[in-house]
Amino acid sequence: MTEATCITKEKIDALEGIIRRAKKIAVLSHMNPDGDAVGSCAAVASYLSEACGKDVKVVLPNAPGEPLAFITKRIPQDRLLIHAKSPEAAEKAIEDAEAILVLDLNRLERVSSEEAAVRRAKAPKVLIDHHIGPEAEAFGLVFSKTDVSSACELIYQILMEIVGDARKLPPTCAYALMCGMTTDSNNFANSVFPTTLQMASALLEAGVDRDGIVESAFNSYRTNRIRLLGHMLDQRLHVTPEGAAWMILTKEIKERFDYRDGETEGFVNVPLTAKDIRLSIFLTEEDDRFRVSIRSKKGTSARDLAGRFFNGGGHENASGGRLLVPDDLPEKGDVEAYVENALKEYLK
Ligand SMILES: [Mn+2]
């Protein structure tokens with residue numbers, strides 16, 4: 001299967017058949033959902049319920065952060081189940097579903113606490129994703145493509161095969177697709193393909209309020225967030241002679257700045273605005289781990305670094321991972337030395 005033939009007529013027919021035969025459909029995405037995850041779920045839920053009359057449940061492992069509320073609120077609240085809040089209802093929705101659509105993730109472990117329920121489920125499972133290395137064996141039908149900006153772009157391409165015209169999409173679906181593409185490409189700063197701009201153009205023509213999305217996604221944070229960013233850049237930024245930058249958001253800083261989930265979105269990109277920096281790492285301290293976000297410029301692989309040193313992966317220039325305590329680090333205090341050594345090793 002080549003990239004170009006990822007969307008074939010046979011697969012579109014198979015997808016339409018799965019949708020036609022199912023009344024109850026579960027739509028899933030990954031832990032710590034980002035704009036593309038929530039946008040994908042909102043778009044697919046809107047299409048399946050409004051255009052196809054299906055009984056749809058969106059199931060997410062944990063709640064999207066407040067900065068993504070402009071997308072999350074497009075999912076009717078009685079259709080949205082958060083596993084961390086109501087595990088039984090979330091698992092029942094997966095169990096009862098007659099089709100399961102999994103979006104914006106390549107390996108099923110990324111649905112985290114729901115993984116066992118999904119693996120157990122007998123319903124046909126469909127994966128739609130844009131990361132390399134999909135766990136194809138866990139799904140009956142796989143749409144996987146990496147030459148797109150986002151899962152939302154791939155979903156858009158699939159929907160165009162089905163409905164033929166962006167103006168025929170339910171408005172919520174069109175809006176959510178634009179949201180996921182805009183956030184995953186960081187407002188057209190990365191992973192932009194000719195098809196990305198074609199999609200944007202068609203959705204704009206269909207009436208999507210892109211200015212409103214940009215305002216909601218990038219200019220609607222609390223003032224606290226810019227103070228926190230200022231503190232991180234001024235007091236917490238390390239720069240190595242090899243051109244790597246890294247910072248750690250500790251629990252102590254989180255408390256001091258009244259940090260809320262999602263508010264450091266985009267921080268990892270800031271060091272890359274310096275000419276001499278080619279790699280940026282942002283770590284966030286959590287209970288038993290550090291969450292790791294990595295970005296790089298062309299020629300340096302964020303994915304390799306994530307895979308070799310941070311139990312992660314993702315895209316060539318945008319990856320993530322984690323360091324578990326005590327599995328990877330005996331104590332939390334060892335994190336700085338670990339990052340320094342990893343960078344020395346990786347960039348030598
Ligand atoms: Mn994505």
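The values are calculated or read from the model by the stated rules, or taken from the named source; none is laboratory data. For clarity, every value in this text was computed on a predicted model and none was experimentally measured. We place every Cβ from the backbone using ideal geometry, glycine too, and count neighbours over all the protein chains shown. Side chains are part of the model used for accessible areas, which takes the heavy atoms of the whole protein and leaves out ligands, DNA and RNA. Shrake-Rupley method; radii C 1.70, N 1.55, O 1.52, S 1.80 Å.
Here are the numbers:
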| read-out | value |
| --- | --- |
| Matching residues, region 275-314, being closer than 20 Å to Asn32 by Cβ, assigned to a helix (DSSP H, G or I) and open to solvent by 40 Å² or more (accessible area, probe 1.4 Å) | Arg303, Gly307 |
| Given (1) more than 17 Å from Ala189 (Cβ to Cβ); (2) out of contact with any Lys or Arg (no Cβ under 6 Å at 6 or more places or on another chain); (3) among the β-branched types (Val, Ile, Thr), number of the condition Thr284 does not satisfy | (2) |
| Filtered residues of region 32-66 (kept if surrounded by fewer than 24 Cβ atoms within 10 Å (Cβ to Cβ) and either on the phi > 0 side of the Ramachandran plot or assigned to a helix (DSSP H, G or I) (or both)) | Asn32, Leu48, Ser49, Glu50, Ala51, Gly53, Glu66 |
| Lone unmet requirement of (1) in contact (Cβ under 8 Å) with a residue 60 or more places away in the chain; (2) in a helix (DSSP H, G or I) for Trp246 | (2) |
| Counted residues, region 154-191 - those being modelled with pLDDT under 95 and farther than 28 Å from Asn269 by Cβ | 0 |
| Residue within region 259-266 that is surrounded by fewer than 13 Cβ atoms within 10 Å (Cβ to Cβ) and either modelled with pLDDT under 95 or not hydrophobic (A, V, I, L, M, F, W, C) (or both) present | no |
| Options Ile75, Ile25; residue that is touching a helix residue (DSSP H, G or I) at 6+ places or on another chain (Cβ under 7 Å), assigned by TED's automatic domain parsing to the domain that holds Lys125, part of a loop (DSSP other than H, G, I, E, B) and more than 16 Å from the ligand (Cβ to nearest atom) | Ile75 |
| Residue check, Leu81 within 16 Å of the ligand (Cβ to nearest atom), within 23 Å of Asp129 (Cα to Cα) and crowded, with 20+ Cβ neighbours inside 10 Å | no |
| Some residue of region 192-206 being at pLDDT 95 or above, touching a Ser or Thr at 6+ places or on another chain (Cβ under 8 Å), not in a helix (DSSP H, G or I) and not assigned by TED's automatic domain parsing to the domain that holds Thr250 | yes |
| Conditions (1) open to solvent by 40 Å² or more (accessible area, probe 1.4 Å); (2) more than 16 Å from the ligand (Cβ to nearest atom); (3) not aromatic (Phe, Trp, Tyr): number failed by Asn187 | (2) |
| Residues that are within 16 Å of the ligand (Cβ to nearest atom), in contact with a helix residue (DSSP H, G or I) (Cβ under 6 Å, 6 or more places away or on another chain) and hydrophobic (A, V, I, L, M, F, W, C), drawn from region 156-180 | Ala176, Leu177, Met178, Cys179 |
| Every residue from region 138-155 that is open to solvent by 30 Å² or more (accessible area, probe 1.4 Å) and more than 16 Å from the ligand (Cβ to nearest atom) | Gly140 |
| Region 324-345, residues that are under 20 Å from Pro241 (Cβ atoms) and in contact (Cβ under 8 Å) with a residue 60 or more places away in the chain | Glu336, Val339, Glu340, Leu343, Lys344 |
| Flag if Tyr221 is more than 18 Å from Gly35 (Cβ to Cβ) and in a loop (DSSP other than H, G, I, E, B) | no |
